[in-house]
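Quick note: the coordinates plus some simple rules give every number you see, no bench work behind them. Source: prediction; values computed, not measured. Note that we place each Cβ from the backbone using ideal geometry, even for glycine, and neighbour counts take in every protein chain shown.
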Amino acid sequence: MGKNDLRSQALDLLRFPLAVVVLTIHTFSSEGLELRGQELTFADHSLFMEINRWIDAFLRGQSVPIYYFISGFVFFLGVEMTKETYLRKFKNRVKSLVIPYVIWNVLALVLLIAITFNPLFSRYTSGLGFTFSWRDLLSCFWVCDMLPSEGMFQVNAPLWFVRDLIVIVLCTPLLHVLIKRLGRYFICLLGLFWFVVPHLHLNLLGFEHALFFFCWGAYMSINRKDMLQVFGRYFKVSVFLYLLLGVLHMVAAHDWPEAQEVIKQLNVLAGLVFAYNVAAWLLKRGICKVNPFLASASFFVYVAHSLVVGRLLKLLFITFAPATDWSLLLVYTSAVVLTVFLLLGTFYVMRRYTPRLLKVVAGRK
């Protein structure tokens with residue numbers, strides 16, 4: 001297997017597991033669950049809380065930076081950035097990002113309206129203060145005023161990644177110039193900006209994540225850096241740091257919570273190198289192969305999961321009324337697994353019977 005093939009396959013191998021990681025962290029939460037207008041808390045379930053701390057330490061916040069990095073790397077890969085190239089790439093990104101972004105937010109909005117105003121569901125939901133004003137409707141596509149999201153998310157919350165990526169793509173001509181002229185100094189400056197923003201309590205809607213990691217990937221692509229060689233130098237170091245920082249994050253949750261943010265940021269950096277190195281290692285040794293179906297379904301799972309998993313989780317809670325640590329874990333895990341299989345099944349059926357529609361909603365070429 002050539003270096004370029006291995007690099008490409010390593011990136012493809014990561015796509016589906018990262019989507020499942022996002023689904024998992026959006027399902028599991030130590031903050032509780034709102035059900036039938038009441039807030040359920042699990043503070044007295046020690047095992048369940050520790051599992052959530054493990055997810056926070058090793059999984060939360062890891063996927064989206066890698067997605068941004070891959071997006072930046074692929075955007076500039078193997079092409080000369082002329083006016084025609086930019087126009088072609090912008091046109092492609094309208095199909096792969098903008099159209100799915102609008103469609104899946106519209107679907108989330110329709111579902112939200114149906115649940116909010118349907119008396120069958122009123123006993124299971126709290127009031128969202130929804131109105132049909134233009135302000136409320138338009139806010140659903142940027143920062144939804146009706147959702148308790150601390151001023152960050154649109155109505156389909158996980159699509160903040162796509163929203164920010166659209167903005168960054170529009171800025172690529174300027175970013176390309178800055179990367180070419182300032183090189184690694186520009187990337188280091190963006191990294192410093194990304195690191196300090198959370199500690200300054202600035203609400204930038206998460207754009208600092210998109211800017212840093214997209215530009216980091218773009219820098220490596222523009223300068224024709226060999227990811228296998230660059231990241232491979234730090235294989236053992238990345239494994240050690242990723243595991244060590246994850247454990248420290250769990251320990252800090254008990255004894256030093258104010259240090260968790262710094263530990264998490266360091267672990268996100270180590271996690272990016274760790275994930276790519278592990279994917280390349282698995283491929284080189286023939287332990288794993290890229291599954292084209294799962295790789296192509298990853299974006300569909302990412303954009304669709306929030307419409308399914310939260311409601312499925314509540315249905316499982318109502319049906320089984322879990323009261324112990326193990327029953328809670330079973331219900332939450334079942335919600336993740338069932339959502340994955342439901343979405344993969346939907347993707348398969350659409351690919352077979354409505355391929356044109358699938359291309360539109362999944363942003364596929």
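Expressed as an acute angle from 0 to 90° and rounded to the nearest 10, what is the orientation of the C-alpha long axis of helix 99-117 relative to the principal long axis of the chain?
10 degrees
How high is the relative contact order of the chain, given as a whole-number percent (alpha carbon pairs under 8 Å, six or more residues apart)? Please list the in-between numbers first.
Numbers: 379 pairs, mean separation 108.6, N = 365.
Worked out over the chain, it gives 30 percent.
Any idea what angle helix 260-284 forms with the longest principal axis of the chain, computed on alpha-carbon atoms, 0 to 90 degrees, nearest 10?
Here the helix axis deviates by roughly 70 degrees.
Any chance you could run the full-extension gain for residue 44 through residue 111? It's 0.36 nm times the residue separation minus the Cα-Cα distance, nm to one decimal. Write down the numbers at each step before the final one.
Numbers: separation 67, 0.36 × 67 = 24.12 nm, distance 3.35 nm.
My answer for the length gained is 20.8 nm.
What angle, in degrees between 0 and 90 and rounded to the nearest 10, separates the Cα long axis of helix 325-353 from the longest principal axis of the Cα atoms of the chain?
60 degrees
Tally Lys/Arg at +1 and Asp/Glu at -1 over every other residue whose Cβ is under 14 Å from the Cβ of residue 344; what's the total? Before the final figure, lay out the partial values.
Numbers: positive: 15, 351, 352; negative: none.
Net charge around residue 344: +3.
Could you put 12, 226, 255 in order, starting from the residue whose Cβ has the fewest other Cβ atoms within 10 Å? Working shown, then result.
Details: 12 19, 226 12, 255 7.
So the residues, fewest neighbours to most, are 255, 226, 12.
Considering every pair of different Cα atoms, what Kirkwood radius, in Å, is found for the chain?
Values: mean 1/r = 0.0456 Å⁻¹.
Answer for the chain: a Kirkwood hydrodynamic radius of 21.9 Å.
Would you mind getting me the FRET efficiency between residue 354 and residue 138? Use the beta-carbon distance for r and R0 = 35 Å, nearest 0.05.
Details: r = 29 Å, r/R0 = 0.84.
The calculated FRET efficiency here is 0.75.
How far, in nm, would the chain grow between residue 223 and residue 235 when pulled straight, counting 0.36 nm per residue and subtracting the alpha carbon separation?
Details: separation 12, 0.36 × 12 = 4.32 nm, distance 2.15 nm.
So the extension gain works out to 2.2 nm.
Can you flag which of 83/359; 89/225; 89/236; 83/225 are past 32 Å Cα-Cα?
Details: 83/359 26 Å; 89/225 21 Å; 89/236 36 Å; 83/225 24 Å.
The answer is 89/236.
To the nearest 0.05, how large is the calculated FRET efficiency for residue 319 and residue 170 if R₀ is 35 Å and r is the Cβ-Cβ distance?
Working: r = 45 Å, r/R0 = 1.30.
The calculated FRET efficiency here is 0.15.
Based on the Cβ-Cβ distance of residue 8 and residue 334, what FRET efficiency does E = 1/(1 + (r/R0)^6) give at R0 = 41 Å, to the nearest 0.05? Before the final figure, lay out the partial values.
Numbers: r = 34 Å, r/R0 = 0.84.
E between residue 8 and residue 334, to the nearest 0.05, is 0.75.
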